[in-house]
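The values are calculated or read from the model by the stated rules, or taken from the named source; none is laboratory data. A quick note: this is a predicted structure, and the numbers were derived from the prediction, not measured. Here the Cβ positions follow ideal geometry from the backbone for every residue, glycine too, while neighbour counts run over all protein chains shown.
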Amino acid sequence: MNKSLTYKILENNLISGELKPNSEITVKVNQTLTQDSTGTMVYLQLEAMNIKNIKTDLSVAYIDHNTLQAGFENADDHEFIKTAAAKYGIIYSKPGNGICHQLHLERFGKPGTILLGSDSHTPTAGGLAMIGIGAGGLDVAVAMATGTYTLEVPKVMNIELNGKLKSWVSAKDVILYILKKLTVKGGVGYVIEYTGSGVEELSLTDRATITNMGAELGATTSIFPSNGNTLDFLTRQDRKEDYKEILADEDAFYDKKLIVNLDEVIPMAAMPHSPDNVVNIKNIENIKVDQIAIGSCTNSSYTDLMKVASILKGKRVHPNVSLVISPGSSNILKMMSDNGALGDLISAGARILEASCGPCIGMGQAPKSKAVSLRTFNRNFKGRCGTNDADVYLVSPETAAISALTGCLTDPLKFGLDFPKIILPKRFEVSKNYFIYPFQDREGLEVVMGPNIKPFPLNKRLVETIEAPILLKTNDNVTTDDIMPSNAKLLPFRSNIPELSKYCFGTLTDEFHIKAKVAKKGIVVGGDNYGQGSSREHAALVPLYLGVKAIIAKSFARIHKANLINSGILPLVFKEKSDYERFDETDVVILNKLIDSLELGKEIEIFNKTKAFSCSVIFRGSSRDIELLKSGGYLNYVKKIK
């Protein structure tokens, strides 16, 4: 008794360690997923481990990010991933099949299991009562090779949902409301577990929308219970046998609690340039809109898009609005084609994109200069859309569809249309023709690598003293999009670290790679929540390639900190946050007695040679993390212990 749903699943999959706060545990990983933006590095790392078979129950390699084939690079990456999947016994999802998180809900996710994914929105699976954790590619490669994952036991925050949503208010508004309450740092160190009578009011895809954007809260993951709505979803997906009920104990212990009355939630929008910059739409409506994009792993479900089609049916998109829609999966696209909803969208003037991530990750559909773009996506970081001076607002599909008709940001509560009631088909389309399943006999299969695929950088063992200049000083909430920008121009080079390095910290400065190459080694100073956002380990691998030895910040985002450790880059925090103000770019600093301090758990002295003062910085991590850093990164460590 007294067990949360989170602890029950961790306990059922526990291999070693003790389930108590701040302890380190190793758990069985039941499933993994990769996508092509991070996947090339994952499979290069898996190759370097020289294994024959993966040890998970199931692993899937999705192609959903880099689907625009303007040159050979993306197609070569896809062939590399496809042949690696065949070699190791991994299911391969072809381009056009859909977005990894939507597809995984439809076809593979199972309540009560653990999923590790090389994408920060892997917590989407929590809508299906899974522990879905986003991680760096190397963590996922090791999970496939060993069937395990090591993590610190998280605290669990309970968000109790009560009541029922008003018409025109959706799950997207709920998670934006929570982001307004908790901010992008509010979930750091927690699994967010949803309970309460309001849970029964949310469909499984509603729940997945909420768990998806738990990533924007900084949470380790988010999770809903598995109950009748879960069974209903799996039955319609022809997977009834995968259902099992799994609930928290009624008297479950939680470290923190937030109560949300769904009746009080109204249509919300996240204003530029952060998902927690949330306001009530009624307070900012009538802003002229240039572009609207509907889709992404947050809001591309059958229900979401059928609502949009219902709102647009028989009407016309405003002449000044470009409306683009990207379905979550090929099955959803086919169902909408068969039932006529796709025709309704096209007749209204919508542009239909293939089932992929598309504009959410900067792969096409960049808005015009100084545009206002409404998006049903999960992030609105500056420049992520592909246009640096555009203003991106995050909204629900209902708000997006109505605003597409009016030409301005419109509160749907004031709109005269009847709220669309969607009747779900008894059985969803379940075509498997976009999947390639591995052969039983895989002996002799070889991996194909094109000329754009370059070796990933490896670090050297940690040394006792580092002397280096500060190459860059950043403000708070620097994102992985800032550290390693992601757009249609750069995504084809995700398997080419030398080429990507030319754009490191590209949203902050054009000169970082030049300064780094001149200095040959360096240090970066950051503010609070350094490295928030995507799981992309390129934000650690590219600085590693450029000689960055340490990041000293006020605090770190979880996944990025893990990626730095995996790469052998020291993530250090100021003992006194005020010391951040005493350092400037070009200062030369010396980190003394590193190995000794790490092993003994001591503060590390940093001496500012330029300004002649010393202060203390701290490493916060486990004994295993220290061994990874001493080895020069996770891959060196794995090779050493074999």
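The table that follows gives values for the structure above.
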{"read-out": "Among (1) in a loop (DSSP other than H, G, I, E, B); (2) in contact (Cβ under 8 Å) with a residue 12 or more places away in the chain, the one test that residue 405 misses", "value": "(1)"}
{"read-out": "Residue, modelled with the highest pLDDT, within the stretch 494-535, restricted to residues that are hydroxyl-bearing (Ser, Thr, Tyr) and out of contact with any Leu (no Cβ under 9 Å at 6 or more places or on another chain)", "value": "530"}
{"read-out": "Within the stretch 379-428, tally of residues that are within 27 Å of the chain's Cα centre (by Cα) and on the phi > 0 side of the Ramachandran plot", "value": "2"}
{"read-out": "Residues of the stretch 15-30 satisfying the condition of being surrounded by 16 or more Cβ atoms within 10 Å (Cβ to Cβ) and of a type outside the set (Lys, Arg)", "value": "17, 24, 25, 26, 27, 29, 30"}
{"read-out": "Test: residue in the stretch 152-163 that is buried (at least 23 other Cβ atoms within 10 Å of the Cβ), out of contact with any Phe, Trp or Tyr (no Cβ under 6 Å at 6 or more places or on another chain), of a type in the set (Val, Ile, Thr) and assigned by TED's automatic domain parsing to the domain that holds residue 103", "value": "no"}
{"read-out": "Unmet requirement for residue 437, which otherwise passes all of (1) out of contact with any Gly (no Cβ under 7 Å at 6 or more places or on another chain); (2) at pLDDT below 95", "value": "(2)"}
{"read-out": "Qualifying residue in the stretch 460-482 (condition: in contact with a Pro (Cβ under 8 Å, 6 or more places away or on another chain) and not acidic (Asp, Glu))", "value": "no"}
{"read-out": "Count of the stretch 277-322 residues which are of a type in the set (A, V, I, L, M) and farther than 30 Å from residue 264 by Cα", "value": "2"}
{"read-out": "Scan of the stretch 11-66 for residues that are free of Cβ contacts under 8 Å to residues at least 24 places away in the same chain and under 21 Å from residue 246 (Cβ atoms), ordered by number", "value": "11, 14"}
{"read-out": "Elements of type strands (runs of 3 or more DSSP E) in the stretch 181-276, at least 3 residues being farther than 30 Å from residue 426 by Cβ and modelled with pLDDT of 95 or more", "value": "190-195, 256-261, 268-270"}
{"read-out": "Any hit, the stretch 375-383, residues being closer than 23 Å to residue 281 by Cα, in contact with a Cys (Cβ under 6 Å, 6 or more places away or on another chain) and buried (at least 24 other Cβ atoms within 10 Å of the Cβ)", "value": "yes"}
{"read-out": "Number of the exception - residue 317 against (1) β-branched (Val, Ile, Thr); (2) under 20 Å from residue 94 (Cβ atoms); (3) assigned to a loop (DSSP other than H, G, I, E, B)", "value": "(2)"}
{"read-out": "Residues of the stretch 156-199 that turn out to be of a type in the set (A, V, I, L, M) and out of contact with any Asp or Glu (no Cβ under 7 Å at 6 or more places or on another chain), as a count", "value": "12"}
{"read-out": "Sole residue being out of contact with any Cys (no Cβ under 8 Å at 6 or more places or on another chain) and either under 30 Å from residue 144 (Cα atoms) or free of Cβ contacts under 8 Å to residues at least 60 places away in the same chain (or both), chosen from 581, 576, 585", "value": "581"}
{"read-out": "Checklist (1) under 16 Å from the mean Cα position of the chain (by Cα); (2) free of Cβ contacts under 8 Å to residues at least 12 places away in the same chain applied to residue 485, failing item", "value": "(2)"}
{"read-out": "Qualifying position, being assigned by TED's automatic domain parsing to the domain that holds residue 246, surrounded by fewer than 24 Cβ atoms within 10 Å (Cβ to Cβ) and in a helix (DSSP H, G or I), among 145, 125, 141", "value": "145"}
{"read-out": "Checking residue 260 against (1) over 30 Å from residue 395 (Cα atoms); (2) surrounded by 13 or more Cβ atoms within 10 Å (Cβ to Cβ), the condition it does not meet", "value": "(1)"}
{"read-out": "Matching entry among 48, 61 (being of a type in the set (Gly, Ala, Ser), surrounded by fewer than 22 Cβ atoms within 10 Å (Cβ to Cβ) and in contact with a helix residue (DSSP H, G or I) (Cβ under 8 Å, 6 or more places away or on another chain))", "value": "48"}
{"read-out": "Scan of the stretch 528-557 for residues that are assigned to a helix (DSSP H, G or I) and buried (at least 24 other Cβ atoms within 10 Å of the Cβ), ordered by number", "value": "538, 539, 540, 541, 542, 543, 544"}
{"read-out": "When residues of the stretch 574-627 are limited to those that are farther than 15 Å from residue 551 by Cβ and of a type in the set (Gly, Ala, Ser), the one surrounded by the most Cβ atoms within 10 Å (Cβ to Cβ)", "value": "597"}
{"read-out": "Criterion: touching a residue at least 24 places away in the same chain (Cβ under 8 Å), small (Gly, Ala, Ser), part of a strand (DSSP E or B) and surrounded by 15 or more Cβ atoms within 10 Å (Cβ to Cβ) - qualifying residue of 309, 293", "value": "293"}
{"read-out": "Residue match in the stretch 435-447 (condition: closer than 26 Å to residue 487 by Cα and not polar (S, T, N, Q))", "value": "no"}
{"read-out": "Those residues of the stretch 54-71 which are over 16 Å from the mean Cα position of the chain (by Cα) and modelled with pLDDT under 90, in sequence order", "value": "67, 68, 69, 70, 71"}
{"read-out": "Sole residue being surrounded by fewer than 23 Cβ atoms within 10 Å (Cβ to Cβ) and without any contact (Cβ under 8 Å) to a residue 24 or more places away in the chain, chosen from 337, 274", "value": "337"}
{"read-out": "Enumeration of residues in the stretch 558-569 that are outside any helix (DSSP H, G or I) and more than 17 Å from residue 516 (Cα to Cα)", "value": "568"}
{"read-out": "Pair list, Cβ < 9 Å and 6+ apart or interchain, from the stretch 593-614 residues that are under 17 Å from residue 524 (Cα atoms) and touching a residue at least 12 places away in the same chain (Cβ under 8 Å) to residues that are surrounded by 18 or more Cβ atoms within 10 Å (Cβ to Cβ) and among the polar types (S, T, N, Q)", "value": "604/597; 605/597"}
{"read-out": "Any chance residue 569 is under 28 Å from the mean Cα position of the chain (by Cα) and β-branched (Val, Ile, Thr)", "value": "yes"}
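So that you can scan it fast, the table gives a plain yes or no per residue for (1) touching a strand residue (DSSP E or B) at 6+ places or on another chain (Cβ under 9 Å); (2) within 30 Å of residue 345 (Cα to Cα); (3) surrounded by 14 or more Cβ atoms within 10 Å (Cβ to Cβ):
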| residue | (1), (2), (3) |
| --- | --- |
| 401 | yes, yes, yes |
| 405 | no, yes, yes |
| 408 | yes, yes, yes |
| 419 | no, yes, yes |
| 425 | no, yes, no |
| 434 | yes, yes, yes |
| 447 | no, no, yes |
| 451 | no, no, no |
